[in-house]
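The values are calculated or read from the model by the stated rules, or taken from the named source; none is laboratory data. These numbers come from a predicted model, not from an experiment. Cβ sites come from the backbone with ideal geometry, for glycine too, and all protein chains shown count toward neighbours. Ligands, DNA and RNA are excluded from the accessible area calculation, which covers all protein heavy atoms including side chains. Shrake-Rupley method; radii C 1.70, N 1.55, O 1.52, S 1.80 Å.
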Amino acid sequence: MTARLLKMVSKTVPLLSVSLITCVDLLALPAVAEETPLVPGPCLEKRADIRKAIKDAEAHNIGVKPYEDALASIEEEIKAGKTEAEITPRLNSLKSSLYAQFMNYRTLKSGAATAVSGSDFKKLARAKYLPESQLEGIMLTMVNDERRKAGLSTLKSSSKLAGLARAHSRNMYQNNYTDHVEPDGSRLVDRARAAGIKDSDFVFENVCWMQFFESPFGTIKNAHLAFMNSPVHKGNLMGATRKSIGIGVTYNKKLSVYVTQVLSDGDI
């Protein structure tokens, strides 16, 4: 099978990991009592929903001050007589921003990839859709199979490294790029240090964007083959001193995938 790799880059950086918590479903968050009544007027139900979501986010230690300030500003505008047509765009923007914050939270808090049995590959290859987490597990299995064949130890699936990998894949998708440097200028070394990973835990990163090919399984297999057919990327994956790996996969709307692999010589 020919790997259709459109963009792929690799980098080695001394260090790293990330702190993980629990996966949050916005709709399942517990209700929190409102402290003060909202201003009567247009879009009252939508404002109440946003206020509840802000309180729920705060209960899960997500920073909410910008959202509280934005809602307070909208309340003042309603007091001043702004119409529904005038405040609706601001409410929609606030709701979208808050939802994006929850999505980022879910990305960072998810656990490590779980290996998929090779015996399941035939069934998975026919699936029209597979969850991103399952694609990560398939790639983990493929990587460790390659290492076994080469007589190398298998890699531990790390929740901390997966947090870094997933956040970077989502950032690449949201900002439409494929690189190690994020739009704000942060590099792997910066993101890893911010996550509390030690410089002594050398970290390596592979990233790519892979065009959809036949099925989600076929697409992730092509991404794996592309990495293995590149000497630098393969070197990162097959290094004898590697101990841990985190994989992050993010679909785009056409089921192409952004893939990030973060590897470490440390037992993270």
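Key figures for this structure:
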| quantity | calculated |
| --- | --- |
| The stretch 179-194: number of residues that are surrounded by fewer than 20 Cβ atoms within 10 Å (Cβ to Cβ) and touching a helix residue (DSSP H, G or I) at 6+ places or on another chain (Cβ under 7 Å) | 3 |
| Candidate set: the stretch 83-98, residues that are open to solvent by 70 Å² or more (accessible area, probe 1.4 Å) and in contact with a helix residue (DSSP H, G or I) (Cβ under 8 Å, 6 or more places away or on another chain); chosen: the one modelled with the highest pLDDT | Glu86 |
| The stretch 136-162, subset surrounded by 15 or more Cβ atoms within 10 Å (Cβ to Cβ) and over 17 Å from Asp265 (Cα atoms), residue farthest from the chain's Cα centre (by Cα) | Glu146 |
| Top-ranked residue in the stretch 185-199 [being part of a loop (DSSP other than H, G, I, E, B) and more than 17 Å from the chain's Cα centre (by Cα); ranked as modelled with the highest pLDDT] | Gly185 |
| Leading residue by the ranking (farthest from the chain's Cα centre (by Cα)) among those in the stretch 163-178 that are crowded, with 21+ Cβ neighbours inside 10 Å and among the polar types (S, T, N, Q) | Asn171 |
| Residues that are among the aliphatic types (A, V, I, L, M) and either open to solvent by less than 30 Å² (accessible area, probe 1.4 Å) or modelled with pLDDT under 90 (or both), drawn from the stretch 32-47 | Val32, Ala33, Leu38, Val39 |
| Whichever residue in the stretch 200-215 is open to solvent by 40 Å² or more (accessible area, probe 1.4 Å) and over 17 Å from Ser158 (Cα atoms) and, among such residues, is farthest from the chain's Cα centre (by Cα) | Glu214 |
| Residue pairs meeting the criteria (Cβ under 6 Å; at least 6 apart or on separate chains; first at pLDDT 85 or above, in the stretch 62-76; second open to solvent by 50 Å² or more (accessible area, probe 1.4 Å)) | Ile74/Arg90 |
| Residues located in the stretch 177-190, provided they are without any contact (Cβ under 8 Å) to a residue 40 or more places away in the chain and of a type in the set (D, E, K, R) | Glu182, Asp184, Asp190 |
